[in-house]
Structure formats: structure tokens, C-alpha cells
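Colleague: Before I ask anything, here is the structure I am working with.
The values are calculated or read from the model by the stated rules, or taken from the named source; none is laboratory data. Note that this is a predicted model, so its numbers are computed, not measured. Cβ placement follows ideal geometry from the backbone for every residue including glycine, while neighbour counts extend to all protein chains displayed.
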Amino acid sequence: MPFDALVIAALIYVGSLFVVAWAADRAAARGRTGWSDRPIVYTLSLSVYCTAWTFYGAVGNASRTGLEFATIYLGPTVVLAGSWWGLRRLVRVAKMHRVTSVADLISARFGKSNTLAALITLISLTAATPYLALQLQSISLSFAAFGPGDVLPGPLELWVAGGLAVFSILFGTRNLAADERHHGVVMAIAVEAVVKLVAFVALGIWVIWGLANGPGDVIARIAARAADHEAAGWVLRADRWTALIAISAAAVVTLPRMFQVLVVEPADETPLNSAAWAFPAYLMAMSLFVLPIAVIGREMLPPDASPDLYVLHLPLSQGADGLALLVFLGGLSSATSMVIISAIALATMISNHWLVPLYLALRRAEGEDAAHASLRQPLLISRRIAILAVIAAGAIYQAVGGGQELAAMGTVAFVGMAQLLPAMLGGLLWRGATRVGAYAGIIAGALIWMGLVFLPSLGWAPGLDWGPVDPLAGAVLVSLGVNMGLFIILSLVTLPDPQERLQGLSFVHAVTPDTAAVSTPQRPDGAIRAEALLTLARRIWGGDEALHFFRAEAERQGKSGFLPDVSAGFLSRLERRLAGAVGAATAHAMLAQFAGQRPTSMAELMAVAGEAQRAQERARQLKDDSDELARTARRLQEANDRLTALSVQKDAFLGQISHELRTPMTSVRAFSELLKLPDLAPDDRTRFAGIIHEEASRLTRLLDDLLDLSVLEGGRARLSPRVVNLHDLISRAIEASSALGGAALVIDRDIPAEHLMVLTDGDRLLQVLINLIGNARKYCDAARPVLTIRVRRLAAATQIDIMDNGTGIPPDKQDLVFEKFSRLNDPARAGGAGLGLAISREVMTALGGSITYLPGHEGAAFRLQLPVRPPGLGAKSAEA
Amino acid sequence: MSLPPDQPIFLERAAYRRRRLRDAARLLPMVTLAALLLPVWLMPATMSGAGGMIWLFGLWLVVIAASALLHWRLGRGPRAGDPPDAF
């Protein structure tokens, strides 16, 4: 394949990445983050873990050490498989504090110390520079594999490094929002992840089925190779195996680039649910073909070919140019994605923890009024300078040093970054972890790493003789052991300051810090301070966003305008939001400078805690009170509604009762006048007397009812309880009510169940039953009226349900049916005064039971409930 | 061990299942780690060749499947009202 064609293909590929990143950024700017928030994109972006070290170096590593290459993927597999209780929590806490980098996380946890963050930045940069150099080297090596050629003026590495820097600056420092998300970069990385995977899997399939005779053959060849005495390195060493799995598990959360894609870029922790299995699957797919390629490459390629480049040399030697190009693009993707994300992550750290504090200190030293200058520009410029510096450092290192095996530098960086793990893990799980402990652990671990791993790997220091123990495993054990030991011991013996304790609480229990900081006394200069803070925020985020945030905060406090009260909660939220742009330590320092926020003292901390508890209690009490008030108001409302309805009914009834009394009186008077006539026929006289009699009894009935009701209501009713059979009672009631007339009614009874003996006043109960059954006869409007009667004995009561199949009582009237004078239908049809149900209710109350309307039935349904024995039985029965 | 004051002692079925799923999710990485480390410590020579490769990738597949199942079931469940120890 001609070399210039290769360069053109690479350029087209990189150009399309620019387009992808640009499009994703544009979509995100319009608020459409749908794509970059998908779990698949998140999972693919995690594959930035697989660098050129993986893509080229894994095969080299496998051909030297056999299965050991897989350790680098097994560590992350374990961590991701446990993401439900590990990573999820890390991401949640980091999002809560708007953490921008691994240095920011640790410094925020240990009291927002910028010195700690600066130290971690230094360690990260030291570990990353050779690693970056390695990526650039792999790109130039892969170009070289295609043969000599120079289509570009100047050295190729310079072009590659320049292109990467341009991409990182373009898409990595576009915005200085309140979060460090880069949609364009993440999308481009996801695309590169697909290219990597496709290229490697395609190569693997081609090797297994193209060069060898399928999986069986390959496994046989691997077995033969393992048995070969030449492959002594293939025998796994348990100490190395364990150490490598441990540091790769640590690296997946502590490497700056991994922290960036794993923790900083996602919107929240939900995509982890998919990544928990999808990322291990990706890693497995990337490692599945490594050993076959190593073995076949060894058999087919000349002995002087570097195993690190087998993946390119194999297809090239067989003339499979297309596949070689695909593999080349895969390798390019691995290297570039690592460089881009590392550069962005390290630049954020350098800018937030080195350059901005330095800039602020210089401004302060010059005595300038910092409020008037925008910080936005200096911040962005410092990020860009940092990106250039990081990539340049890698390029220079590669130009000067270079030449190691690909795998070595990766392991070195892993061990270095693993030194952050004790502080990170301890900070998240243990409230007792202190800053002094973190300092001691990290410094000691880093120094041991320097002496035992980093410098020897560069050939600048002699390696130790570890005897039977593997040097790497020994160095990992010693460095992490001392690190952890110092961290724990010093945490135990030192006292954290109040800021640390607040942050410790917030990190370990994943609660927002401002739920603890409820209120601090207002200061008279509140408005002036709020304005100063607005100025500060505007200088970092730009005008619109700052105003938006301040207005939202003011609204939250119930104020109008843009200036909220400077409360502790507001300050805490503002600080966290600022931290999203400049890191926790810098944000804290800035607020302290601008708002005159004094450092928290232990006494204040205690006061805040007490205040929080009191406020919580007050809030709970208020809620109880207001609930009670709402209940009372509703009861009052209901009573009022009933009263209003009743008053209307009463007015109607007064008219009605006068009418009721008047009609019989009128006929009595008229017919008695007639009786006076001397020449009346005897027949007519009898008839008229009958009418007078009938009308008089109607009057009597009405007056009896009224009297009965007033007796019952006054509690003066006489009861004569005795044992009665409900079946007999119901039969009598049906007979009696049928005598009253009305529609023909089908009665549905459950005769066997009715034979229940109850102790009650039979006559009174009969009165109620007659009334209910009579009502059904009168009012049931079904075509074939059916009355269902059911009797049931419960532990403490006997229930009689009487249900018809008419339209029932409308819901708005159900409350009223038991009231006196209430009538649902037109009075003419009722023929009574509307007292029946009111009397029934009074009777049932007197019997110690109840009558209720059962809503939700086909028609009108009433339930009578009788107690086992009537109230005050002894006295009453004596009277009876 | 004393019980937290404001949490129910017994949970309904769905919440109970969820707790046990969380227990399983906690166990998974530990079991994985043990399955990765122990064989190499006990019989490094056997694990180094083709047999080791088959064991390793088989284990890998099982872990992926188990993790997928657990996180799918856990992710589907309710999130609001998780007790504070629900990590």
C-alpha cells in the first residue's frame, strides 16, 4: 500500500472525527444531549482505557508472558461488575460536588485543600507523560510499518501531536460551563471505540479462520506453544498476576482520563447500569484474539519482527492491505483517543490547581481590584496552554527518550496512579479519614513508586533485587502497603478541621452539604456581598448564566430580583457550582476572598448541626399542624354543606307539612259540612264519614311519626329486648309492607342464613325493616324490581343488607337521606313526610347499632348493623 | 445490632427481592476476584496454557452475564424512596 494513500486515509478519518465532534457539540448546545447521554455512548467512551498499549502492546505482552496480558482487562472487569455499590456511589458524590478531576475529588473531600490537589496533579502529570509519549511513539511506529515515505513536511510526530492538540483545544475548551462535560469529544471517542473494536475483531477472525484452521487448531497451537520450553515466561506468577489485577482495578478509577470519562462526563450514574456488563464485554472482545494473534504471528513472522507490531505485520505480510489499513486506523484511534482525553483531563487539573491559583495570587499581590476583569478568558487560555504543554511534554519525551517496550510505561503509570486509591476509597467510605493522613499516604506511596518503579523503568536508577518475589509485585505491595498504613495511622491520630468534617460527612453519606448548613445569621451588608458574588460568578460563567443562577436562588428564597440573601445554603450551592468550573479548592478560596466568608469554626459547625435538627423538628411540627388544620377545615366545609342543604329542605318541608296537614283538614272540614245536610243519602253519609275517618288517621299517623321521632331523638325511647329470630322478623316485615301497596317486588332471600337469633327489641327492628322494604316497593324504579336481603353474623355484630336493583340514591344525596324532612322524589309519590329513614336511624342508634347507606351497589342498598346485646340491657329489661 | 428506628423490620416482597439483589451485586466482584486469583495461586502451571485461556474466558462470560442480569434487574426497580443505606 502506498504510503501517501495511508496518510490520506488517516487524514480523512481524523477529519470525519472532527465532523462528528462538531455535530455532537452543536446538538448539545441546542439542548439535545440525547445521543451522548445514551448508555452505549458512555460504555464506548470508557474504552479510552484501551490505548495503543492495548491495541499493539497486548499482543507483544502476550507473546512474552502468555495469559498475563489479560490482567490489565480483568481489574476493570471486577470494578465494573461491582459498580452497583462502588462506582455508582463515586459518580453520585462527584456529581453532587461538581467534581472536575480526580485531584479535585480528593482535595474536595479533604477540606478543599488546593495544595493536595496540586500535588496530585504533579503525580498525575509525571505518570502520564511517558504514557503519552508511548501513544505518540506507537503512531509513528505504525506509520513506519507501512514502509518509509514522507508526504508531509517535517517530522510526522510533530504533525500528529499538533493535530491532537488542535482537536483537544477545539472541543475540550469550548465552554467553561458549570460542568466539565464535552459532548463532542465523548462522541468522537465513542466512534473511535467502535473502530478499535471492529479492527481488532476483524483481524482476530481473519487470523483464526484465515491463517489458522479455526478455533480448535488455534487452541492446539497455543497449548503447544505453552508447552515449549522457550516459553518459560508463559508460566503465570501468582504474585504478579495479583498485583497487576490490583493496579489495573485501581487505575480504572484513578487514571485522569478514566476519571474524566467514567465520572466527569456522564450526567448521572444511570448509564453505569449498562456499562457494568457492556464494558467488561468490550474488554473481553478486545482480549479474546490477543493470544491467537501472538501465537500465529510468532509462527508466521520472522523472529526479528517486534511482537508489539504483529497486528500490523501479519496482514501486511499476507498482502491483506485493506485489513492492514483498518488495523492501522484502529491503532490510530486507540492512541489519539487516549491522548485527547488525557490532555483534557490533565489540562483541567493543571489549570484549576496550578495556573488559576497562581493567577489569583499574582493579582492579589499586585493589589488589583480583581472584580473588574473577566476571569473567563484567563481560565480558557490557561486550559489551552495546559493542553499544549501536556501534549508537548509527551512529544518531547518521545523525541528524547522513547524506545521502551510498549507495555512497560503503561504499567508504570498504573502503579503511580494507584497511589491515589487509598485516599480516594478511604475518603468515600470512612468519615475518620483526614487530610494529614491523605498527604502522608500519597506522598510516601508516590516516593516509593518513584524510587522502585518509575526511575528504574527509565534506566535512571538501579532496580532492587527482590529475591523470589517479582519486582513489580514487590513494589506494588510495598508502595500501597506503606501508603495505606500511613493514611490509616495518621488519620487515626490527627484531628480534621471543621471544613474537612463537613466534607467528610457529605462524601461518606452522599448528602448535599447545604442540607447540613441551614442558616447563619444575616449580616447587614448582605446586598453588597450578594452583588460582589454576582460579579464574581459573572466573571467566570459569563453574564447570562450568572444572572440565571442568581435569579433562581432569589426565587428559591421567595425574593424577587437578582440578589438573593447571602445565606449559608446559597453560599454552599454557589461554591459547588463555581467548583464545577474551577475546582473545589479554588472556588472555596475565591468565595472566602470575595464574600468575606470566614473559615468555619468547630463551634459554628456544632451550632449548624443543632440548628439543622431544630429546623427539622419545626418543619415536622408545622406539617402536622397544617395537616390538622386542613382536616378541620374539610370537616367544617362538609358540615356547612349539609346545613345549607338541610335548611333548603326544611323550608321546603314547612311548606310541605302545612300542605300535608291542610289537605286532610280541608277534606275533613268540607265533608263534615256535607254531613250536616239533612237530606243526605245514607250511602253518601257512610262514604263521607269514611273519608273523614281516613283523613283523620292520616293526620294521626303524621303526628305519631313526629312524636316518635322526637321521643327517639330525646333518648326517651323504651326498648323491650328479647330474643327474636331474624327470619320471622323479615317475613313479617315483607308481609306488612306488601299490605302498604306499591309495585310487585321479587324478594331474593337466603333463608338458611336468616335463622339467626338476636337479642334486641323486635318491634322496633321490625319498624325499621318495614320502612326499608316499603321504601324499596315505593321507590325502586327497575322494570322488574328485585329486593335482595342478606343476613350475616360477625364476631361482634349482626348485619342485615337490604338492596334493590333500581337507580339508587345519587352520590350527592347519600349524605342527606337519613336527615329529617329529607325527600328525594316528588312528595306526591312518596306519600309520607320524609321521616322514615330519620326514624330508622334513631331506632338503630337506640338499639346500639347503625344503619348506613352502601354506595357502589346496583341500586339503593342499606346495611343494618346490630350489636350482640343492646345497650343498658339490665335496666331496660327490668322495666319491660 | 440495633435496628434503625424509622425503618420497617419486615419488607414486602418486591422490596425484599431488591435487597437481596443488592446483596448479590455486592458479592459479584468478590466472587469474581476469588475465581480469578485462587486458581493461579494454587496451580499456576495448569492455568498458564490453553486450559487457562478457556477457563479465563469462560469465567469472563459468566461474569458479564451475571452482571448484566443483576444490573438490569436493579436498574429497573424503583429509585425514589431508597433507604439511605441503599448503595
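Colleague: Quickly run through the range B:24-40 and pick out the residues that are at the interface with chain A (Cβ under 7 Å from one of its Cβ atoms) and of a type outside the set (D, E, K, R).
Modeller: Scanning the range B:24-40 gives B:ALA25, B:LEU28, B:PRO29, B:THR32, B:LEU33, B:LEU36, B:LEU37, B:VAL40.
Colleague: Which of the residues belonging to the range A:317-331 are at pLDDT 90 or above and aliphatic (A, V, I, L, M)?
Modeller: Hits for the range A:317-331 are A:LEU323, A:ALA324, A:LEU325, A:LEU326, A:VAL327, A:LEU329.
Colleague: Within the group A:ALA281, A:ALA267, A:ALA276, which residue is modelled with pLDDT of 95 or more, under 26 Å from the mean Cα position of the chain (by Cα) and over 18 Å from A:ASP470 (Cβ atoms)?
Modeller: Just a single option satisfies the conditions, and that option is A:ALA281.
Colleague: Also, I was wondering about something else. Condition first: touching a helix residue (DSSP H, G or I) at 6+ places or on another chain (Cβ under 8 Å), closer than 25 Å to A:MET409 by Cα and among the small types (Gly, Ala, Ser). Now tell me which residues in the range A:196-244 satisfy that.
Modeller: Within the range A:196-244, A:ALA199, A:ALA231, A:GLY233, A:ALA238, A:ALA243 meet the criteria.
Colleague: Something else: Would you tally the residues in the range A:194-237 being within 11 Å of chain B (Cβ to nearest Cβ) and crowded, with 19+ Cβ neighbours inside 10 Å?
Modeller: 10
Colleague: Among the residues of the range A:830-845, what is the count of those that are farther than 16 Å from A:LEU702 by Cα and at pLDDT below 75?
Modeller: Residues that pass the stated criteria total 0.
Colleague: Give me the residue from the range B:61-77 that is more than 8 Å from every other protein chain (Cβ to nearest Cβ) and modelled with pLDDT under 90 and, out of that set, surrounded by the most Cβ atoms within 10 Å (Cβ to Cβ).
Modeller: Among them, the one singled out is B:ARG73.
Colleague: Okay, moving on. All but one of (1) in a helix (DSSP H, G or I); (2) modelled with pLDDT under 90 hold for A:LEU447; state the number of the condition that does not hold.
Modeller: The one condition A:LEU447 does not meet is (2).
Colleague: Would you mind finding the one in A:ALA28, A:ALA21 that is within 24 Å of A:VAL339 (Cα to Cα) and either surrounded by fewer than 24 Cβ atoms within 10 Å (Cβ to Cβ) or of a type in the set (Lys, Arg) (or both)?
Modeller: Only one candidate qualifies: A:ALA28.
Colleague: So A:ALA246 ticks every box in (1) modelled with pLDDT of 90 or more; (2) at the interface with another protein chain (Cβ under 9 Å from one of its Cβ atoms); (3) surrounded by fewer than 24 Cβ atoms within 10 Å (Cβ to Cβ) but one. Which box is left unticked?
Modeller: (2)
Colleague: Can you name the residue in the range B:41-60 that is at the interface with chain A (Cβ under 7 Å from one of its Cβ atoms) and surrounded by fewer than 20 Cβ atoms within 10 Å (Cβ to Cβ) and is also farthest from A:ILE219 (Cα to Cα) among such residues?
Modeller: Ranking the qualifying residues of the range B:41-60, first place goes to B:TRP41.
Colleague: Quick one: which helices (runs of 4 or more DSSP H) lie wholly within the range A:30-124 and hold at least 1 residues that are of a type in the set (S, T, N, Q) and within 13 Å of chain B (Cβ to nearest Cβ)?
Modeller: A:39-46, A:58-65, A:71-81
Colleague: Further question: Of the numbered conditions (1) of a type in the set (Ser, Thr, Tyr); (2) out of contact with any Phe, Trp or Tyr (no Cβ under 8 Å at 6 or more places or on another chain); (3) surrounded by 22 or more Cβ atoms within 10 Å (Cβ to Cβ), A:SER287 satisfies every one except a single condition; which is it?
Modeller: For A:SER287, the failing item is (2).
Colleague: Across the range A:241-269, what is the total count of residues that are aliphatic (A, V, I, L, M) and more than 19 Å from A:ALA70 (Cα to Cα)?
Modeller: Count: 5.
Colleague: Can you pull out the residues in the range A:555-575 that are surrounded by fewer than 18 Cβ atoms within 10 Å (Cβ to Cβ), outside any loop (DSSP other than H, G, I, E, B) and of a type outside the set (Lys, Arg)?
Modeller: A:GLU555
Colleague: Only one of A:ILE189, A:ILE245, A:ILE219 is assigned by TED's automatic domain parsing to the domain that holds A:SER287, part of a helix (DSSP H, G or I) and under 30 Å from A:GLY426 (Cβ atoms); which?
Modeller: Only one candidate passes the filter, namely A:ILE245.
Colleague: So if I check each of A:LEU447, A:LEU458, A:LEU428, which one is without any contact (Cβ under 8 Å) to a residue 12 or more places away in the chain and either over 38 Å from the mean Cα position of the chain (by Cα) or more than 28 Å from A:ALA133 (Cα to Cα) (or both)?
Modeller: Testing whether each residue is without any contact (Cβ under 8 Å) to a residue 12 or more places away in the chain and either over 38 Å from the mean Cα position of the chain (by Cα) or more than 28 Å from A:ALA133 (Cα to Cα) (or both) leaves just A:LEU447.
Colleague: Anything in the range A:533-569 that is among the polar types (S, T, N, Q) and within 23 Å of A:PRO378 (Cα to Cα)? List them, or say none.
Modeller: Listed by number, the list holds a single entry, A:THR535.
Colleague: Taking the options A:GLY463, A:GLY474, name whichever one is assigned to a helix (DSSP H, G or I) and not hydrophobic (A, V, I, L, M, F, W, C).
Modeller: Being assigned to a helix (DSSP H, G or I) and not hydrophobic (A, V, I, L, M, F, W, C) holds for just one of A:GLY463, A:GLY474, which is A:GLY474.
Colleague: Evaluate the following for A:SER16: is it in a helix (DSSP H, G or I), over 25 Å from A:ALA581 (Cα atoms) and either of a type in the set (Gly, Ala, Ser) or within 33 Å of the chain's Cα centre (by Cα) (or both)?
Modeller: Yes.
Colleague: Ok, one more. In the range A:390-409, how many residues are within 20 Å of A:PHE454 (Cβ to Cβ) and modelled with pLDDT of 85 or more?
Modeller: 5
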